[in-house]
Amino acid sequence: MDIELTIAGTGKSLLDVKRSKFYGFAYQVSTRDEVDKMLSTLRNDFSDATHIVYAFRLGEGGAQEYFTDSGEPSGTAGQPIMRVIKGKNMTDVLIAVVRYFGGTKLGTGGLARAYSDSARIALENTPAIQRIQMIEIKIRIPYAVVSKWAIFIDSIGGMILEQQFEEDVTVMASIPEAELSSARHAIADMTRGAVKLEFL
């Protein structure tokens, strides 16, 4: 599979087309909950907008994707935004375009170009980065190893998700899939082979 990209921050754009204003926003997201929160914020911030159109792709290969025209003529808004996302082979991305109608109809071609250009410029205004496939793991380790394991997880670009302190410590973490082998070796070294990774 080709290398998939996402974005490193938030990109914005502003187009003025025949007095209609198009505000574009590109966000890096990884879950549907994050998508919903971003859209809720936009709807609050632009409660007087004529349309808020959006498209998103989530997961490997865009396993979850959706777009909406939000009241614009069918095929003139959400679909052009989605084409921009797919054209750049991106996932874990939400692009929303807020429109304020300027009084002059743009026609279907004009609308499609405006939404597409807004999406493209917003994406270009934030760095593209390689999307890293993450996996979630769990281990049960002695207290003496917890800090070493946390340092290791951080060093490979992972994140501790949860820790449960009992007789031993159960640690749930998210790590890059490409680092799975090094994680297995690291925990074996730290515990002299007594602990193995489990998958969540």
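What the table below lists for this structure:
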item	result
Lone unmet requirement of (1) in contact (Cβ under 8 Å) with a residue 12 or more places away in the chain; (2) surrounded by fewer than 19 Cβ atoms within 10 Å (Cβ to Cβ) for Tyr66	(1)
Candidate set from region 130-154 (those that are free of Cβ contacts under 8 Å to residues at least 60 places away in the same chain and in a strand (DSSP E or B)); member that is surrounded by the most Cβ atoms within 10 Å (Cβ to Cβ)	Ile139
Of all residues in region 161-187 being within 16 Å of Phe199 (Cβ to Cβ) and among the β-branched types (Val, Ile, Thr), the one that is surrounded by the fewest Cβ atoms within 10 Å (Cβ to Cβ)	Thr170
Subset tally (residues that are within 30 Å of Ser182 (Cβ to Cβ) and of a type outside the set (Val, Ile, Thr)) for region 111-146	12
Close pairs from region 181-193: first in the same structural domain as Val145 (by TED's automatic domain parsing), partner among the charged types (D, E, K, R) and surrounded by 11 or more Cβ atoms within 10 Å (Cβ to Cβ), Cβ under 6 Å, at least 6 apart	Met190/Lys148
Residue in region 110-124 that is in the same structural domain as Val17 (by TED's automatic domain parsing), charged (D, E, K, R), surrounded by fewer than 22 Cβ atoms within 10 Å (Cβ to Cβ) and in a loop (DSSP other than H, G, I, E, B) present	no
Unmet requirement for Phe56, which otherwise passes all of (1) touching a strand residue (DSSP E or B) at 6+ places or on another chain (Cβ under 9 Å); (2) on the phi > 0 side of the Ramachandran plot	(2)
Any hit, region 85-105, residues being assigned to a loop (DSSP other than H, G, I, E, B), among the hydroxyl-bearing types (Ser, Thr, Tyr), over 23 Å from Arg43 (Cβ atoms) and in contact (Cβ under 8 Å) with a residue 12 or more places away in the chain	yes
Check on Gly107, at pLDDT below 95, surrounded by fewer than 20 Cβ atoms within 10 Å (Cβ to Cβ) and either acidic (Asp, Glu) or touching a strand residue (DSSP E or B) at 6+ places or on another chain (Cβ under 6 Å) (or both)	no
Among (1) in contact with a helix residue (DSSP H, G or I) (Cβ under 6 Å, 6 or more places away or on another chain); (2) outside the structural domain of Ser20 (by TED's automatic domain parsing) - the single one Gly157 does not satisfy	(1)
Any chance Val29 is over 16 Å from the mean Cα position of the chain (by Cα) and in the same structural domain as Ile121 (by TED's automatic domain parsing)	no
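Here is a yes/no grid of residues against (1) closer than 23 Å to Thr10 by Cβ; (2) hydrophobic (A, V, I, L, M, F, W, C); (3) within 18 Å of the chain's Cα centre (by Cα):
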| position | (1), (2), (3) |
| --- | --- |
| Gly59 | yes, no, yes |
| Tyr66 | yes, no, yes |
| Met82 | yes, yes, yes |
| Ile95 | yes, yes, yes |
| Val98 | yes, yes, no |
| Ile137 | no, yes, no |
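The values are calculated or read from the model by the stated rules, or taken from the named source; none is laboratory data. Just so we're clear, the structure is a prediction, and the values are computed from it rather than from any experiment. Note that we place each Cβ from the backbone using ideal geometry, even for glycine, and neighbour counts take in every protein chain shown.
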